[in-house]
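Engineer: Got a structure for you, questions after.
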Amino acid sequence: MNKPQCQEALDLLDEYLRQELTPEHMARITDHFEKCRPCFSQAEFQRSYLLMIEAKAKGQCCPDALRRRVLEALRSRQH
Amino acid sequence: MSDADARRAAFEAEVLPQLDALYRLGLRLTTEPSRAEDLVQDTVLKAFRSWERFQPGTNIRSWLFTILRNTFINDYRRRQREPIPMDLESPESGLALRAASDEDPEGTFFSQIVDAKVLEAIDRLPEDFREVLVLSDVESLSYAEIADIMKVPVGTVKSRLFRARRQLQSALYDHAVEMGYLKPARARS
């Protein structure tokens, strides 16, 4: 796991998972994950974590009462 | 429509769609719904007063998050709170996580944990960690946007995020073992 390719893939894992790298760079890292089992596992672990967080923590919405309260405050006062 | 009405309409069109995200961040920072509601209302009214300072075309969410965060720090943070040491990472958290990725290399256990437990575990993180984790992993802001909101270098954002994830993932791993979603890793001889 001390190879430079491993280091690069793990350093850029966030950007890779968010697909923010250039297509060539994405392909190079995908290629590495196909060949390196420990790095592949780390990437899958992180991917599962990010999907979980988004699914479980992003569902909370602003309560309707608060929405109304904010609108009333905006519309009733001179700021 | 008067100028004041037009100004308010433009403001509402940009800001109202962000109320969910503002409430979520407010809730994670204050950890209490009633304080989160007050914080969101204060934030929106402050944003309205300084609406002329928002540059159209830039990220409205980052701008609002900055106002919310400053309002939180100035008016809402519990004053008696102890400062949090930045290096409280215990060696066990690293071990637990290594165990997690050994037992369940693809992290499938994450999906079994109920939403409320995940939120509770986030709320237990130290404030600096919690903030960066929510901005990055829940609200999907980039490192640069987070650095701008928190007024810290990008390197600090990355290192806090790394440690925040490690702590959160360890806590969720412990919970998964406790609930029997995962078998505890055996010590290897």
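Computed from the coordinates by the stated procedures, all read-outs in this text should not be read as laboratory data. Remember, predicted model here, so these are calculated numbers, not experimental data. With ideal geometry, Cβ positions are generated from the backbone for all residues, glycine too; neighbour counts draw on all protein chains shown.
Engineer: Can you find, within region B:1-32, the residue that is farthest from the other protein chains (Cβ to nearest Cβ) among those that are within 24 Å of residue B:117 (Cα to Cα), in a helix (DSSP H, G or I) and out of contact with any Phe, Trp or Tyr (no Cβ under 9 Å at 6 or more places or on another chain)?
Structural biologist: The extreme case among them is B:28.
Engineer: Quick one: count up the residues across region B:101-125 that are outside any helix (DSSP H, G or I) and touching a residue at least 24 places away in the same chain (Cβ under 8 Å).
Structural biologist: Matching residues across region B:101-125 total 4.
Engineer: A further question follows. Of the conditions (1) surrounded by 15 or more Cβ atoms within 10 Å (Cβ to Cβ); (2) over 30 Å from residue B:43 (Cα atoms); (3) within 14 Å of the chain's Cα centre (by Cα), residue A:56 fails just one. Which one is it?
Structural biologist: Condition not satisfied by residue A:56: (2).
Engineer: In region A:44-73, how many residues are assigned to a helix (DSSP H, G or I), without any contact (Cβ under 8 Å) to a residue 12 or more places away in the chain and not acidic (Asp, Glu)?
Structural biologist: Looking only at that region, the number is 17.
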